[in-house]
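What follows is a short report on a single structure.
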Amino acid sequence: MSELNWYVVHTYSGYENKVKANIEKTIENRKLQDQIFEVRVPLQEVVEMKGGVRKNVSKKMFPGYVLVNMVMNDDTWYVIRNTRGVTGFVGPGSEPIPLTMAEMRNLGIAETEEEVEIDVEVGDLIEVVSGAWEGRVSQVKEINMSKQTVTIEVDMFGRETSVEIGFLDVKKL
């Protein structure tokens, strides 16, 4: 049996909820509950001002995309790919690429396995060991335990800019 992962499915814009409903109905009809576990349309709460009135509204985080937690095999690929409103999986060619655990945590979907303890303090020098800033050495400006990140300053376009880096992506010097 293959591994359970989250995949991103591209849909027609505005059809995200309809695609979610269609996939869930297909899962039920074809009895695929043991292969396709969850379908999500990620939402975020935003405050809108209309006519001078503040209103909390749920908006789609990624219009045109649906997240599917499933075991990738020929059957599940076929079912998702041929669902009305789906234009394909996100990935090169016809090969779907699963989201990483770090990406899922950033979306607030994957639960953190455990809290990561880090032995750095504000002012310590750290080196970024992975990601876009790999190899960068900088001083810790802030530590956010709840988000499991440290904030460092990097030089972008000639000015210092604050960047958040995950605990697992840094090492103390």
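The values are calculated or read from the model by the stated rules, or taken from the named source; none is laboratory data. On a predicted model such as this, the values are computed, not experimentally measured, just so you know. Using ideal geometry, Cβ is built from the backbone for each residue, glycine included, and neighbour counts are taken over all protein chains shown. Surface areas here come from the heavy atoms of the whole protein model, side chains and all, with no ligands, DNA or RNA. Shrake-Rupley method; radii C 1.70, N 1.55, O 1.52, S 1.80 Å.
Miscellaneous remarks
- Stretching the chain fully between T100 and F62 yields a gain of 12.0 nm (0.36 nm per residue, less the alpha carbon separation).
- Here's how it looks for L43: its modeled amide H is under 5 Å from those of M61, which are all 5 or more places away or on a different chain.
- Longest site-free stretch - the chain; sites: GluC sites (Glu not before Pro), DSSP loop, at most 12 other Cβ within 10 Å: 4-110
- Rounded accessible area of L168 (nearest 10 Å², 1.4 Å probe): 120
- Of the whole protein surface, K141 contributes about 100 Å² of accessible area at a 1.4 Å probe radius.
- For the chain, the relative contact order works out to 20 percent when only alpha carbon pairs closer than 8 Å and six or more residues apart are counted.
- Of P92, P42, P63, the residue with the greatest mean-square motion in the GNM of the chain, using alpha carbon springs below 10 Å, is P92.
- Only protein heavy atoms count here; under a 1.4 Å probe, T83 has an accessible surface of about 10 Å².
- Distance between the C-alpha centres of the stretch 79-112 and the stretch 21-52: 13 Å, rounded to the whole angstrom.
- Only Cα pairs under 8 Å and 6+ residues apart enter the sum, and on that basis the relative contact order of the stretch 1-90 stands at 48 percent.
- The stretch 123-173: relative contact order as a whole-number percent, Cα under 8 Å and 6+ apart: 37
- Whole-Hz ³J(HN,Hα) from phi, Karplus 6.51 cos²θ - 1.76 cosθ + 1.60, for the stretch 157-168, glycine and proline x: 6, x, 9, 6, 10, 7, 9, 8, 10, x, 3, 6
- Dipole orientation for the chain: of the candidates L107, T11, V71, T11 has the Cα lying most toward the positive pole (charges on Cβ; Lys, Arg +1; Asp, Glu -1).
- Using θ = phi - 60° and Karplus 6.51 cos²θ - 1.76 cosθ + 1.60, couplings along the stretch 94-101 (whole Hz; Gly, Pro as x): 9, 9, x, 10, x, 6, 7, 4
- 3J(HN,Hα) couplings calculated from phi for the stretch 118-128 with the Karplus curve 6.51 cos²θ - 1.76 cosθ + 1.60 (θ = phi - 60°) are, in sequence order, 10, 9, 10, 10, 4, x, 6, 8, 10, 10, 7 Hz; Gly and Pro show x.
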